[in-house]
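See structure below.
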Amino acid sequence: MKARFIFADHDFTVTLNDNPSARDFASMLPLDLAFSDFSNEKIAYLPRKLHLEARGPFPNEAAGDLCYYIPWGNLAFFHGDYISTRDLIRLGRIDGGIEPLLTRGEFPLRVERLS
């Protein structure tokens, strides 16, 4: 399953994991959110909480991972190193490089389901 992310002048895809939380996220698409900077990630708040069956920790965390942060109920799209914890659920990973995530600022974000 893939999702398309559009913000600023960026348009890229994410391959979603095959887990209950990622499927729950995909069921919410399309979404219009606000995308902003936070530490080593870009974040966006979802309109509701996701199912928590796939919570971490998980192996091989890397820049480009799209995660759900349980305590705040937000997407966390990492563009730097991070450590997986029980408070994160990996939803997928960006297809291609992380360069779009390095664009600083707050932007409208459109997320669409592709398949």
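Placing R0 at 35 angstrom, the Cβ-Cβ distance between Glu112 and Asn40 gives a FRET efficiency of 0.85 after rounding to 0.05.
You can think of it this way: the chain between Lys49 and Thr103 has 16.8 nm of extra reach, that is 0.36 nm per residue less the Cα-Cα gap.
Placing unit charges on C-beta atoms (Lys and Arg positive, Asp and Glu negative, everything else neutral), compute the dipole magnitude of segment 7-66 about its Cα centre in debye, rounded to 20.
Working: 5 positive and 10 negative charges, 61 e Å.
Dipole of segment 7-66, to the nearest 20 debye: 300 debye.
Counting only Cβ charges, +1 for Lys and Arg and -1 for Asp and Glu, the dipole size of the chain around its Cα centre is about 360 debye. Look at where the Cα atoms of segment 11-45 and of segment 54-115 average out, and the two centres are 7 Å apart.
Ratio of Rg to Rh for segment 2-113, alpha carbon only, Kirkwood? When Rh is taken as the Kirkwood radius, the ratio is 0.91.
Between the DSSP loop rule and a limit of at most 15 other Cβ atoms within 10 Å, which trypsin sites (Lys or Arg not before Pro) in segment 10-115 are left? In loop regions of segment 10-115 (DSSP not H, G, I, E or B), the sparsely surrounded trypsin sites (Lys or Arg not before Pro) are Arg48, Lys49, Arg86, Arg104.
FYI, it's all coordinate maths here, none of it is from the lab. Keep in mind it's a predicted model, so treat the numbers as computed, not measured. Note: ideal-geometry Cβ built from the backbone for every residue, glycine included; neighbour counts use all protein chains shown.
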